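Asker: Please read through the structure below; I'll follow up with questions.
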């Protein structure tokens, strides 16, 4: 009991330190639109449910949600990405400012389309999702992002790459990030996506899910042995200090080049919605590592943070207070 209380105090101290951490979030900025309603009949026109709309809400998505998670946990966040000069882009920009995230690294492009994911929810269940997106951006927008990185990356305690494969994170941008990282190392947390599997280098922590780990390594992950083999290959390929594989209902697994393996059973009590859970994991890890946490402690905190958000409906965040309650075993 005394050892458990000491661990909880140590983790709580780390969470309090989040307030002093500066995180730069680079990646694909999105808007998540939720249309809420109920279903009472099937359409006579086609075998599909008819949703009677009650309300709609707009939330930050993608890298914007990562920044929101950093802010909700008490950290300081600045965003680097591209938005269109459309209504959705203006909404994302306004909401980022409202939650207190820095927007100095955002390039607004007239030719860009702000990514918007529209989810129709009935009785707390997702009925359908519609995406409006663009997967390439102008050379001018990318140049502005690269210039921001060269000038300002040194100001941050952690850099978090939230790659959703929507065109912001390019091989060219990654090469610039790698070059500045070689001149002055910093903590780099990466949420990877397929189009850039061959281009990540010098990572502090990568957080692929099981499918991404399998695809990136070229290994069909079927059991613990194949998971370990895939992790070993990715640690070498990405020159990573650690790999945290998120495994859904099986929790998370942490791997290091030294052969250390730690499994974390899921901390979720109930699951309503997994939207944005990966954003919570990366945000928590970036904050925890910069606050002085060991890799296992960062993974432990991220696992509990994810357990909180998937118990909420819609794109959600976790607060520092909720995380402290989760690690102590108290119900929210």
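Asker: Mind listing just one residue for me: the one in the range 217-228 that is in contact with a helix residue (DSSP H, G or I) (Cβ under 6 Å, 6 or more places away or on another chain) and under 16 Å from residue 238 (Cβ atoms) and, of those, surrounded by the fewest Cβ atoms within 10 Å (Cβ to Cβ)?
Answerer: My answer is 219.
Asker: Within the range 64-78, can you find the residues that are in a strand (DSSP E or B) and surrounded by fewer than 22 Cβ atoms within 10 Å (Cβ to Cβ)?
Answerer: 76
Asker: Pick from 81, 61, 37, 104: which is outside any helix (DSSP H, G or I) and in contact with a helix residue (DSSP H, G or I) (Cβ under 6 Å, 6 or more places away or on another chain)?
Answerer: Matching residue, one of 81, 61, 37, 104: 81.
Asker: Any chance the range 36-47 includes a residue that's more than 21 Å from residue 129 (Cβ to Cβ) and surrounded by 14 or more Cβ atoms within 10 Å (Cβ to Cβ)?
Answerer: No.
Asker: Would you check which residues across the range 229-250 are on the phi < 0 side of the Ramachandran plot, surrounded by fewer than 16 Cβ atoms within 10 Å (Cβ to Cβ) and modelled with pLDDT under 95 and list them?
Answerer: Of everything in the range 229-250, those that are on the phi < 0 side of the Ramachandran plot, surrounded by fewer than 16 Cβ atoms within 10 Å (Cβ to Cβ) and modelled with pLDDT under 95 turn out to be 249, 250.
Asker: Between a residue in the range 204-215 that is within 18 Å of residue 178 (Cβ to Cβ) and any residue that is modelled with pLDDT of 95 or more and part of a loop (DSSP other than H, G, I, E, B), which pairs come within a Cβ distance under 6 Å, given they are 6 or more apart or on different chains?
Answerer: Final answer for the pair search is 204/241; 205/242; 206/192; 206/238; 206/240.
Asker: Further question: Has the range 131-140 got any residue that is closer than 20 Å to residue 86 by Cα, under 21 Å from the mean Cα position of the chain (by Cα) and assigned to a strand (DSSP E or B)?
Answerer: yes
Asker: I would also like to ask the following. Of these, 117, 146, 155, which one is loosely packed, with under 15 Cβ neighbours inside 10 Å and either on the phi < 0 side of the Ramachandran plot or in contact with a strand residue (DSSP E or B) (Cβ under 7 Å, 6 or more places away or on another chain) (or both)?
Answerer: 155
The values are calculated or read from the model by the stated rules, or taken from the named source; none is laboratory data. It should be emphasised that the depicted structure is a prediction, and the values quoted were computed from it without experimental measurement. Glycine gets a Cβ as well: all are built from the backbone with ideal geometry, and neighbour counts include every protein chain shown.
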